[in-house]
Structure formats: C-alpha cells, structure tokens
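Enquirer: Pasting a structure below so you can have a look.
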Amino acid sequence: MAYIQDILKTVKTELDYKLTILGGGGIVIEGFKSIIYYSDTHVELRVNKAILNINGTGLAVKEAQRGLLILDGIISSCEVV
C-alpha cells in the first residue's frame, strides 16, 4: 500500500497540467504551454517539461487561452513523451 503513496507524491510534484477527457468527444487541457503541431488527426502540445501527443479523428480547437486548450473530436489516444 505504501507504493500508492509514493505514486501520489510523484504525481503531485511533477505534473503541472491537467487533462479532462469529455465523454461525448473532446478533451480539456489545463496548463499547456504551446501547440507544436496541429491537424485533424494529431495534436502535439508542450506541457512544461514534456510533450503531450493526442490522436483522434475530427480534432478541432474550440478554444485556446493562456494555459487552457479545448479540443473537440473523438480522442483515440493520449501519450506523454
């Protein structure tokens, strides 16, 4: 059970972004820095010390503000590199 506490400590200290995948299709990313690449099937975002790759179909930016990005579309995968 102690390993769960270690995971929580790591996540709380190293992640400074938040992903919320919406059930009807789409994703909300809080704490993103910049868009590296954008198409209707693949989006690459810089999030502090990592790169977030989002794959799907029909991806479209609904809103982009400082530190907040809302993507519409069907999400098939998310990967942090």
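The values are calculated or read from the model by the stated rules, or taken from the named source; none is laboratory data. Worth saying up front: this structure is predicted, and the values here are computed from it rather than measured. Cβ placement follows ideal geometry from the backbone for every residue including glycine, while neighbour counts extend to all protein chains displayed. Accessible surface areas use protein heavy atoms only, side chains included; no ligands, DNA or RNA. Shrake-Rupley method; radii C 1.70, N 1.55, O 1.52, S 1.80 Å.
Enquirer: Could you list, in sequence order, the residues of the range 33-49 that are modelled with pLDDT under 90 and either open to solvent by 40 Å² or more (accessible area, probe 1.4 Å) or among the small types (G, A, S) (or both)? Quick ask: steps written out before the conclusion?
Expert: Quick first cut of the range 33-49, residues modelled with pLDDT under 90 only: 47-49.
Of everything in the range 33-49, those that are modelled with pLDDT under 90 and either open to solvent by 40 Å² or more (accessible area, probe 1.4 Å) or among the small types (G, A, S) (or both) turn out to be N48, K49.
Enquirer: Any chance the range 50-58 includes a residue that's in contact with a strand residue (DSSP E or B) (Cβ under 9 Å, 6 or more places away or on another chain), open to solvent by 80 Å² or more (accessible area, probe 1.4 Å), of a type outside the set (S, T, N, Q) and modelled with pLDDT of 90 or more?
Expert: No, there is no match, as no residue in the range 50-58 is in contact with a strand residue (DSSP E or B) (Cβ under 9 Å, 6 or more places away or on another chain), open to solvent by 80 Å² or more (accessible area, probe 1.4 Å), of a type outside the set (S, T, N, Q) and modelled with pLDDT of 90 or more.
Enquirer: Mind counting the residues in the range 51-79 that are in contact with a Leu (Cβ under 9 Å, 6 or more places away or on another chain) and small (G, A, S)?
Expert: Going through the range 51-79 one residue at a time, the tally reaches 3.
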